[in-house]
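**Q** Encoded as structure tokens, here's the structure I'll be asking about.
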Amino acid sequence: MNTAQLTGERAHSAHREEIAAVVARYESAFNQNDARAMNSLFSPDTVFVNFSGNLVFGADRLFQAQSLVFAEGGPLAGITVRYTVESVVFLTPEVGVVHARQRTAESDGRAEGGKDPMEGILTMTLMRDDAGEWRIRMAQNTPVVAAP
């Protein structure tokens, strides 16, 4: 392996770690029901398909939706999840796609009856913003219907 290849591989490894850190911050915000912290991870012009299949355009509208589901009595209030990064692919050095498996944290991935109702694949396309921070530009949270 030549020096350029080695340098490129190190950069990809560092970028993977940065993207994994975004997923960790997303998980933390989810588990703290913190819509503001979660929303800060998205670009202003984000497009998001939520777990229910609703398409949300823009960070402002996404924040409204996140605030509702995380509010006391909301469908995600008090639910904790964990995300396991399963894939990171770079489309360019400044654009990455991550697939993370979502599972209910306390059920260790399985609810009573063997099926975790929160299991899904969160797919996020991230882009570097002008400050060099990774921001979620597009995302989709797809429920897992039948475990592989």
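**Q** Using a 10 Å cut-off around each Cβ, can you sort MET118, MET124 from fewest to most neighbouring Cβ atoms?
**A** MET118, MET124
**Q** What is the gain in length, in nm to one decimal, between VAL49 and GLU94 on full extension, counting 0.36 nm per residue of separation less the C-alpha to C-alpha distance?
**A** That pair, VAL49 and GLU94, stretches by 14.0 nm at full extension.
**Q** What translational diffusion coefficient, in µm²/s and rounded to a whole number, does the Stokes-Einstein relation yield for region 3-143 at 25 °C and a viscosity of 0.890 mPa s, taking the hydrodynamic radius as the Kirkwood radius over Cα pairs?
**A** The estimated diffusion coefficient comes to 156 µm²/s.
**Q** Related question: Going by how many other Cβ atoms sit within 10 Å of their own, how do ASP116, ASP60, ASP130, ASP34 line up, fewest first?
**A** Exposure proxy ranking, most exposed first: ASP130, ASP60, ASP34, ASP116.
**Q** Pulled fully out, how much extra length does the chain show between SER40 and ALA71, if you take 0.36 nm times their separation in residues and subtract their Cα-Cα distance? Could you put the intermediate results ahead of the total?
**A** On the way: separation 31, 0.36 × 31 = 11.16 nm, distance 1.74 nm.
Length difference between fully extended and current span is 9.4 nm.
**Q** Can you compute the modelled spin-label distance between SER28 and GLN64, with each label point 7 Å from Cα toward Cβ, in nm?
**A** Here the answer is 2.9 nm between the modelled labels.
**Q** Turning to a different aspect of this structure: What is the extension gain from THR80 to GLU18, computed as 0.36 nm multiplied by their sequence separation minus the C-alpha to C-alpha distance, in nm to one decimal?
**A** Once the chain is fully extended between THR80 and GLU18, it gains 20.1 nm.
Laboratory data are not the source of any read-out in this text; all were calculated from the coordinates shown. Small disclaimer: the values here were computed from a predicted structure and weren't measured. So basically every Cβ, Gly included, is an ideal-geometry build from the backbone, and we count neighbours across all protein chains shown.
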